[in-house]
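The values are calculated or read from the model by the stated rules, or taken from the named source; none is laboratory data. Everything quoted here is computed from the prediction, not taken from an experiment. In this analysis, Cβ positions are derived from the backbone assuming ideal geometry, glycine residues included, and neighbour counts consider all displayed protein chains.
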Amino acid sequence: MANDETVPIGEYAVLGDGRTAALVSRRGSVDWLCLPTFDSAACFAALLGTAHNGRWMLTVPDATHVERTYLDDSFVLHTVYTAPDGTAVVEDAMPLADGRADLVRRITCTQGTVAVEHEWVVRFGYGAVIPWLHRVVDPEGHHAIRAIAGADSLVLRGDRLPHAVGHRHRDEFELHAGESVELVCTWVRSWDPIPSPLPVQERLAATATSWSAWANGCRYEGSYRDKVVRSLLVLGMLTDSETGGIVAAATTSLPEDFGGERNWDYRYCWLRDAALTIEALLEHGFRDESTAWRGWLLRAVAGDPKDLQIMYGVDGRRDLPERTLDHLSGYAGSLPVRLGNAAVAQVQNDVLGEVMCALHAARDAGLAESAESWSLQRRLVNQLVRQWREPDRGIWEVRGARRHFTHSKIMAWAALDRAVRGIEEHGLDGPAELWRSERDAIRADVLANGWDPQGRTFVQSYGAKHTDAALLQLVQVGFLPPKDDRVTSTIAAIRRELEVAPGLLHRYLPEVTDDGVAGSEHPFLACSFWLADALSRRDELEEATAVLDILTRLTNDVGLLAEQYDPYTGQMAGNFPQALSHLALVRAVHSHDEAVARKAHARHRTLGGA
């Protein structure tokens, strides 16, 4: 493989330490890493440019076969290289729970002899800044290489350090059976001393144990267990262990349209995606993340409810201006490469619906509601009462004209519904009559204006004739009973308009939706899982299983999903790994299992009655 050849998105694995994440290719190149947090500047940015923009390669260049897996239920990656004269395994991980920002790599020759290629190219500032590189000695007397620029520095230590070649460090060597080389790359502020080294093998083992212990909290033991547990692990990995914020993905600007401009920065905390993540985690017994996210939410949205944003930084900051990184060539030539996200300023009236559903699910799961949290919810709901009648940008963050999106109205209904149920079912205080009245008004408005009687379907926006896959969520939030005739015909219309391969849906058709961006896109995985979810809730179990089987086979070899999937080329598209795709998988399987249980219960009752 040529150094700068574009690596398919699906050929990456992810490592994470609870604060940030790295993408590693099948050929052992760390092509993306932001340190110390998800939304920090990248120090390895080859993913969006070339090797010159920074990467860390550790590989067996003449390998004829590569196979990789995560160790048990963890993010410790094992990659096995089979070469003509031997085999080697590379263990990669970002250690957990020791307050460090490290990436640990260990290569071991397990048979014969292997040639190893090692290259360390550091570029701070998203691949733009060539650092000052020099040899140093750490506190234990070990030699190291330190790269410094501005506030950042990286320190490379190990059994064998590469040599300077221009503005990069390279090494080529052989390993024989039983020999290994350990390497550690540590981020540290440029003015701080180099921290002491820590034992590699123990940290690899401890990291695997920590992740596996977390995964053991999953209550699911069904036929899709591997897919569900890996998806839950991804959601846990995308949750900042310090702040409680949940990012939408680990990357920016991986294209929805290869060679096009549909490239967005997803390394921030969308309230919608995070709330849906919380519901997925709660359904499988993970409560601590819900408590942490509720605390993050209180801090992030504190202030005037009119100032509610749809997204925030990992630390809760509000200022996320969008700009382009013009020094990068873009993934597969897809430009621009964006930093920040202009959608932060949009009004999206659906967002509070997802938030209120998640917080209500937390109450149902037994998490005590705090006075501060309920006070915030009351203020946000009262603000929604004042603004739900206004047009907005909708769930897909269109950059065209505002519209009365039917999905936004349905989710506004859900927000009022959960607020009312907070009073009725959990004894919380609030203006129940006002909220009930507004909830009923939204419902009447949607049924009058969001329903097309000729097409027998709910439509994307008031006055439109086309539909939108987001409308499948009306089943999830209980706007109508799953088997209502209007639900039946809407699902049929969505499949007729948006299904381009079995089970794979576009979220909408750009040619009839003015989203303000040129180009097209591929089927949207979350929407496709929403289809399986809706079919399960309707007890169409055979069809739901067929769709779910198709979708769960689309994960890559280590169980990861991007945002979109091209059924014609078999390639993933969009940012990666994508929380929305993984949470939708988890929730679709949950609904499927509930449908299986209902069917079994009905069969039992029938047999008992006989």
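Annotations
- Output for region 107-124, where each listed residue is under 19 Å from Ser180 (Cα atoms) and surrounded by 21 or more Cβ atoms within 10 Å (Cβ to Cβ): Ile107, Cys109, Val114, Val116, His118, Trp120
- Verdict on Gly303 being modelled with pLDDT under 90, under 27 Å from Ser241 (Cβ atoms) and part of a loop (DSSP other than H, G, I, E, B): yes
- Considering only residues in region 549-560 that are in contact with a Ser or Thr (Cβ under 8 Å, 6 or more places away or on another chain) and either part of a helix (DSSP H, G or I) or of a type in the set (A, V, I, L, M, F, W, C) (or both), the one that is surrounded by the most Cβ atoms within 10 Å (Cβ to Cβ) turns out to be Leu551.
- Lone qualifier among Ala444, Ala464, Ala469 - being surrounded by 23 or more Cβ atoms within 10 Å (Cβ to Cβ) and not acidic (Asp, Glu): Ala469
- Residues of region 130-161 satisfying the condition of being in contact with a strand residue (DSSP E or B) (Cβ under 7 Å, 6 or more places away or on another chain), surrounded by 12 or more Cβ atoms within 10 Å (Cβ to Cβ) and among the β-branched types (Val, Ile, Thr): Val136, Ile145, Ile148, Val155
- Among the candidates Val184, Val228, Val234, residue that is touching a helix residue (DSSP H, G or I) at 6+ places or on another chain (Cβ under 7 Å), more than 30 Å from Thr108 (Cβ to Cβ), modelled with pLDDT of 95 or more and of a type in the set (A, V, I, L, M, F, W, C): Val228
- Count - residues of region 452-491 that are touching a residue at least 12 places away in the same chain (Cβ under 8 Å) and assigned to a helix (DSSP H, G or I): 14
- Pairs are defined by a Cβ separation below 7 Å, a sequence spacing of at least 6 or placement on different chains, a first member in region 89-105 that is of a type in the set (Lys, Arg), and a second member that is crowded, with 20+ Cβ neighbours inside 10 Å; the pairs so defined are Arg100/Thr186; Arg105/Leu58; Arg105/Val90; Arg105/Asp92; Arg105/Leu183.
- When residues of region 316-332 are limited to those that are touching a strand residue (DSSP E or B) at 6+ places or on another chain (Cβ under 9 Å) and not small (Gly, Ala, Ser), the one surrounded by the most Cβ atoms within 10 Å (Cβ to Cβ): Leu325
- Hits in region 144-193 - residues which are out of contact with any Leu (no Cβ under 9 Å at 6 or more places or on another chain) and aromatic (Phe, Trp, Tyr): Phe173, Trp191
- Flag for Asp533 being modelled with pLDDT of 95 or more, surrounded by fewer than 19 Cβ atoms within 10 Å (Cβ to Cβ) and acidic (Asp, Glu): no
- Residue pairs whose Cβ atoms lie under 8 Å apart, separated by 6 or more positions or on different chains, with the first residue in region 594-610 and at pLDDT 90 or above and the second among the aliphatic types (A, V, I, L, M), are Ala595/Leu541; Ala595/Ala544; Val596/Leu541; Lys599/Leu541.
- Put simply, of Ala22, Ala93, Ala42 the only residue that is under 25 Å from Thr243 (Cβ atoms), in contact with a Cys (Cβ under 6 Å, 6 or more places away or on another chain) and among the aliphatic types (A, V, I, L, M) is Ala42.
- Glu424 assigned to a helix (DSSP H, G or I), more than 31 Å from the chain's Cα centre (by Cα) and crowded, with 21+ Cβ neighbours inside 10 Å: no
- The listed residue being over 22 Å from Thr207 (Cβ atoms) and not in a loop (DSSP other than H, G, I, E, B), out of Val116, Val104, Val89, Val80: Val116
- Output for region 514-543, where each listed residue is over 30 Å from Trp264 (Cα atoms) and either free of Cβ contacts under 8 Å to residues at least 60 places away in the same chain or of a type in the set (Lys, Arg) (or both): Leu535, Ser536, Arg537, Arg538, Glu540, Leu541, Glu542, Glu543
- Residues in region 333-380 that are surrounded by fewer than 17 Cβ atoms within 10 Å (Cβ to Cβ) and within 30 Å of Gly260 (Cα to Cα) were compared, and the one that is nearest to the chain's Cα centre (by Cα) is Ala342.
- Filter result (aliphatic (A, V, I, L, M) and part of a loop (DSSP other than H, G, I, E, B)) within region 306-353: Leu308, Ile310, Val314, Leu320, Leu325, Leu328, Leu335, Val337, Val347
- Here Thr277 passes the criteria (1) assigned to a helix (DSSP H, G or I); (2) modelled with pLDDT under 95; (3) closer than 30 Å to Val517 by Cβ except the one numbered (2).
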